[in-house]
1. Quick check: pseudo-label points 7 Å beyond the Cα along Cα→Cβ at Glu237 and Thr27, how many nm apart are they?
2. Considering amide H positions built from the backbone, and no H for Pro or chain starts, which residues 5 or more places from Tyr66, or on another chain, come under 5 Å of its amide H?
3. Quick one: length gained pulling Leu227 to Asp129 fully straight, 0.36 nm per residue minus the C-alpha distance?
4. Based on DSSP H runs of at least 4 residues, each adding -39500 (n - 2.57), what is the mean residue ellipticity at 222 nm of the chain after dividing by all its residues, to the nearest 500 deg cm²/dmol?
5. Kindly work out what percent of the DSSP beta bridges joining two residues of the chain are antiparallel, to the nearest 5.
6. Considering only protein heavy atoms and a probe of 1.4 Å, how much of the accessible area of segment 65-125 is carbon and sulfur, as a whole percent?
7. How much area per residue is accessible in the chain when the probe is 1.4 Å and only protein heavy atoms are counted (Å²)?
8. Under the definition of Cα pairs under 8 Å and six or more residues apart, what whole-number percent is the relative contact order of segment 197-249?
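The values are calculated or read from the model by the stated rules, or taken from the named source; none is laboratory data. On a predicted model such as this, the values are computed, not experimentally measured, just so you know. FYI the Cβ positions are ideal-geometry reconstructions off the backbone, even for glycines, and counts take in every protein chain you see. Only protein heavy atoms, including side chains, enter the accessible area calculation; ligands, DNA and RNA are left aside. Shrake-Rupley method; radii C 1.70, N 1.55, O 1.52, S 1.80 Å.
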Amino acid sequence: FHAKAKRLGHACYRSEMTDRLVEYRSTQERLSGALERGEFFIVYQPKVDLQTGVIRDVEALLRWRYNGEVIPPYRFISLLEQSREIIPVSNWIATQACRQIAEWELQGYKVGVSINVSAVQFKDDEFCDMIAAAINEVGIDPRSLECEITEGLLIDNVSEAVDKLVQIKEMGVRISIDDFGTGYSSLAYLRQFPIDTLKIDRAFIKDIPHADDGTIASSIIVLSKALGLNVIAEGVETDEQIEFLKHHDCDEYQGYYMSPPVSPEEISVLLERHNSGAPRESVDDEVFV
Ligand code: C2E
Ligand code: MG
Ligand code: MG
Ligand code: MG
């Protein structure tokens, strides 16, 4: 009977669905308790000043080590959101990020860390308190911390979102809009919310300098400047992209061109290489006068 069923397209489709459901359920099971078992870890990716090459900030990105395999966020973040387990996990990330800021400061590096805020976490009543608790527990300068928010988070309940963002902004925490240009919200929100930075989504960077992508990226840069916002390009991989972004006066970039997300130890090495030494411009000026 099984062999016969398999020959029918319909049955095959159903069995594929079942496979996926089984995989989904087992991932969910393995995921519960992953935080307590210490299976999560954070990698960091530099954000680089396009003019000076200095690493200003790094973005914290979550990884899950399961059975010797490193599992990327697209395979488990939505599951964590469904179970609301994303809240304790995000609180852990915020505290880890603050500890890492303090650790780099001890090593002599002033570098900020951004964390990605999930919709479930943002809508939780405790969101602002948890951010404040992480900052106070470690005792860092709140301006070293940044929250990356996606447009989708802002459109649901505008007044509540404004309230929360104003609250964390008043603590000194910086706010950026992640994946900018991919959401469906109106540009009007850029004035309503206390935003510091726009992060241009990789979709608008990847084909630069070809096609129309350059036009969208350069328009976002112009928009940012007009609104007095900082602007950063995501997913930068090539010399052409760097040249284009410099030419259009983009402030910072992030991408494999400098480094993929790496361990805190590897970030220290990059900081040593890119952020230490005398301020380059003034030294060069003197040499060439
Ligand atoms: P995102 O916040 O937009 O992060 C950027 C993603 O692009 C990261 O993928 C990063 O590894 C990748 N990336 C960076 N530079 C390049 C590049 O030059 N080329 C290419 N092809 N990719 C690049 P990752 O780490 O897999 O994260 C994917 C998404 O998962 C993130 O997108 C974010 O939305 C979510 N995520 C990651 N960590 C967390 C977290 O701690 N909390 C929450 N709520 N979401 C997270
Ligand atoms: Mg992000
Ligand atoms: Mg992004
Ligand atoms: Mg993105």
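1. About 2.2 nm separates the two model spin labels.
2. Close amide H contacts, sequence-distant or interchain: Ile71.
3. Difference between extended and current length: 32.4 nm.
4. The helix contribution divided over the chain gives -14500 deg cm²/dmol.
5. The antiparallel proportion sits near 40 percent.
6. 48
7. Per residue, the chain has 54 Å² of solvent-accessible surface.
8. 47
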